[in-house]
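The values are calculated or read from the model by the stated rules, or taken from the named source; none is laboratory data. Source: prediction; values computed, not measured. Note: ideal-geometry Cβ built from the backbone for every residue, glycine included; neighbour counts use all protein chains shown.
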Amino acid sequence: MIKIRLNGKTVEIERGKRISDQVKDRKYIAARINGELVDMATKITEDSSLELVDFSCDDGKKIYWHSSSHVMAMAVKKLFPEAKLAIGPAIDQGFYYDFDTKTPFSTDDLTRIEAEMRRIIEQDIPFERVEMEKQAAIDLFDGTSESFKVQLIEGLDDENISIYRNGDFADLCRGPHVPSTGYIRSFKLLSVAGAYWRGDVNEVMLSRIYGISFPEVDELNDFLEKVEEAKKRDHRKLGTELELFSIFEEAGAGLVYWHPKGAVLRRIIEDYWIQEHLAAGYKINITPHIARGQLWQKSGHYDFYIDNMYVMPVENEEYVLKPMNCPGHILIYKSRVRSYRELPIKYAELGTVYRKELSGTLHGLLRVRGITIDDAHIFCQPEQIDDEIVKVLELTKKFMNHFGFYDFRVELSVRDPKEKTKYMGTDEEWERAERGLVNALDRIGFSYTRMEGEAVFYGPKIDIKLVDALDRKWQAATVQFDFNLPRRFDIEYMDKDGQHKKVMVIHRAIYGSLERFIGCLIEHYAGSFPVWLAPVQVVVMPITDKENKYAESILKKCRKAGLRAELNNKSEKINYRIREVEVSKVPYMLILGQREVVDKVVSVRKHKEGNLGQMKLKDLFHLIESEQGGAN
RNA sequence: GCCUGGAUAGCUCAGUCGGUUAGAGCACGUCCUUGGUAAGGACGAGGUCGCCGGUUCGACUCCGGCUCCAGGCUCCA
């Protein structure tokens, strides 16, 4: 007999019994023995602590979805025997499987595959773990012409390979899995997509099927409903409805036309940025949109980035539409000799750059070809790095919180220690820079993920990512060291000791791009902007024509007080107009009838909250003023 | 750029198995209505059915190319 500890109790069981012999509840799909995830069919051979895993935890979901992908692969192999298996992992929301097929799957195929999956689930086929030597596994998959599996196994370091079998279907897999196919209760195949083998453009394109599954039907319905709800927050939909911006086919993809309401929103965001940056010691500059090709040759962009640049002839020369703001800022820095006394010099610009992004990557405001970067370059001495990074992160945090973002992902990208030669700059520079970044992250209290090998060749960086309505991550803020441009442009400062020394350059952006940031912001607020951001803050509505004059005077006073106010006195009933304005998500309505005229007050209705009753105009101004701070 | 879908009025969508005048709701305009906290009524205007070619007596519909859009992949110096 051996002892196992389960749910705080110690139980004695026979050695070699399976977990599933002990636990009959089908809610549990896997277990942890001494912390290690295992199948329910695992035999217990020694004293151990046992935990049961169900769908409610992240590990449980991963196992459930991964098993679902196997079921899908079984169905596909049944219907399309010639399809070769590639990989089929669980992802954050569901699972996918990649197949190599002669003709890619169409959306019509999904229905057939779903039907076959249902049959497989009904048969409740067990998942069986089989372990074998590497060569045996290679032979097995070679025998079934599963060349991708063979490639995968050949890439593994382990000499022991685990395979999961369901009847005559076998798949290379670390596991664990649910005990049998019947555990997959409620599922849906969501979409098909092309995906390159190993994510490499030069490799074959596979056909990927995405799906989702849950133990309960209700959970699937909730999931699908949530996706539908999220689509209502889509900035592209809200952008049209709220008349914020357009992208015109006839004018070109990825190029944003800001309508008056979007333009005023953007202007507020820009004004706030300029005000905060001036206060933080940045100097604003403005640089042209085009520059001679040779400037970009000097910066290195011409060699590294030419595919993304718009190049045009001007007389006998080539000019380039700027893809970056850096060279411009460097020219201004270099315009005269700089003293250590001036450093740090911080140049900031809301600079619109143009990049030839691939058509397939464009996405509303979140991925465009005309990108307005809230760019700044910090020129400083090496010993100023730490303080400057901290200041950048402090400012970033202030901005994020001001716009109501408290939850975002922070990534620290450093070089690949195995391939140091791929990178520009000395070891000392890299180490010092990384120390500065880590130190700043710790001081600000940002938790972050360290991404080894994710740094760009010219320096380490910190990226901050925001999420859209569908939880997709988009890079916003970034702080990047640059060991390349100072060398290429030979930019220096005169130090205390009378020596010219190389200046450090730090690129940084907080919004990332105005376009992307506003896209995220629209989805974050679902179009109901706090009053300080709302393109229209107040709509004045006389109930009948008799109040028109009073309404005009109120409108004038609102505008004089600096509010973005409009009049709505169209020939519709007040209920109709209230609905109209409510739907347009304007924070405040002022409803004016005879009572208000006589008492010299306004009747206030707040978006989403309803009637606040009558108040003096002055009190409304105080109320709005109290909300102007942002975030709510 | 690659894969799978898609494009009909400003918006959301119906429709046409190839046939003469392509519909609805919302929005918009005019008129009636002057209504107290989420949709009053009548009438009206609005479409090269994404673009270019081909097949056909005839194409919005079928075929090809292109553009753009969606979801992915890749890229994101």
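Within segment A:562-585, how many residues turn out to be more than 10 Å from RNA strand B (Cβ to nearest atom) and closer than 16 Å to A:K546 by Cβ?
The number of residues fulfilling the criteria is 1.
Which strands (runs of 3 or more DSSP E) sit wholly inside segment A:34-138 and have at least 1 residues that are away from RNA strand B (no atom under 13 Å from the Cβ)?
A:36-38, A:48-53, A:128-133
Tell me the residue from A:E582, A:E572 that is under 28 Å from A:T240 (Cα atoms) and in a helix (DSSP H, G or I), please.
Matching residue, one of A:E582, A:E572: A:E582.
Given the condition more than 9 Å from RNA strand B (Cβ to nearest atom), of a type in the set (D, E, K, R) and buried (at least 20 other Cβ atoms within 10 Å of the Cβ), answer yes or no: does some residue in segment A:542-561 qualify?
no
Pull out all pairs, ordered by first then second residue, where Cβ-Cβ is under 8 Å, the residues are six or more apart or on different chains, the first lies in segment A:492-517 and is in contact (Cβ under 8 Å) with a residue 60 or more places away in the chain and of a type outside the set (A, V, I, L, M), and the second is loosely packed, with under 15 Cβ neighbours inside 10 Å and part of a strand (DSSP E or B).
Cβ pairs passing all conditions: A:E492/A:H500; A:E492/A:K501; A:Y493/A:S339; A:Y493/A:H500; A:Y493/A:K501; A:D495/A:K501.
Can you confirm whether A:A30 is in contact (Cβ under 8 Å) with a residue 40 or more places away in the chain, more than 25 Å from A:E219 (Cα to Cα) and not assigned by TED's automatic domain parsing to the domain that holds A:L220?
no
Considering every residue within segment A:297-312, establish whether at least one is of a type in the set (S, T, N, Q) and touching a residue at least 60 places away in the same chain (Cβ under 8 Å).
yes
Residue by residue through segment A:596-622, note down the ones that are more than 9 Å from RNA strand B (Cβ to nearest atom), assigned to a helix (DSSP H, G or I) and touching a residue at least 12 places away in the same chain (Cβ under 8 Å).
A:D599, A:L617, A:L620, A:F621
Does segment A:307-325 contain any residue that is in a helix (DSSP H, G or I) and charged (D, E, K, R)?
Yes, because at least one residue in segment A:307-325 is in a helix (DSSP H, G or I) and charged (D, E, K, R).
What's the number of the only condition in (1) more than 12 Å from RNA strand B (Cβ to nearest atom); (2) crowded, with 21+ Cβ neighbours inside 10 Å that A:G364 fails to meet?
A:G364 satisfies all of (1) more than 12 Å from RNA strand B (Cβ to nearest atom); (2) crowded, with 21+ Cβ neighbours inside 10 Å except (1).
Can you work out which of the residues in segment A:367-401 that are of a type in the set (S, T, N, Q) and crowded, with 21+ Cβ neighbours inside 10 Å is farthest from RNA strand B (Cβ to nearest atom)?
Only one residue fits best here, namely A:T396.
Would you mind finding the one in A:D25, A:D47 that is surrounded by fewer than 18 Cβ atoms within 10 Å (Cβ to Cβ) and touching a strand residue (DSSP E or B) at 6+ places or on another chain (Cβ under 7 Å)?
Sole residue among the options that is surrounded by fewer than 18 Cβ atoms within 10 Å (Cβ to Cβ) and touching a strand residue (DSSP E or B) at 6+ places or on another chain (Cβ under 7 Å): A:D47.
Picking from A:R577, A:R564, A:R559, which residue would you name as being in contact (Cβ under 8 Å) with a residue 60 or more places away in the chain and of a type outside the set (S, T, Y)? Break it down into steps so the answer makes sense when it comes.
On the way: A:R577 fails: in contact (Cβ under 8 Å) with a residue 60 or more places away in the chain; A:R559 fails: in contact (Cβ under 8 Å) with a residue 60 or more places away in the chain.
From the options A:R577, A:R564, A:R559, the qualifying one is A:R564.
When only residues in segment A:202-233 that are more than 11 Å from RNA strand B (Cβ to nearest atom) and not in a helix (DSSP H, G or I) count, which is surrounded by the most Cβ atoms within 10 Å (Cβ to Cβ)?
A:S213
I'd like to know if segment A:604-614 contains one or more residues that are over 18 Å from A:I554 (Cα atoms) and buried (at least 16 other Cβ atoms within 10 Å of the Cβ).
Within segment A:604-614, one or more residues are over 18 Å from A:I554 (Cα atoms) and buried (at least 16 other Cβ atoms within 10 Å of the Cβ).
Can you give me the number of residues within segment A:252-284 that are away from RNA strand B (no atom under 16 Å from the Cβ), crowded, with 18+ Cβ neighbours inside 10 Å and either part of a loop (DSSP other than H, G, I, E, B) or of a type in the set (S, T, N, Q) (or both)?
1
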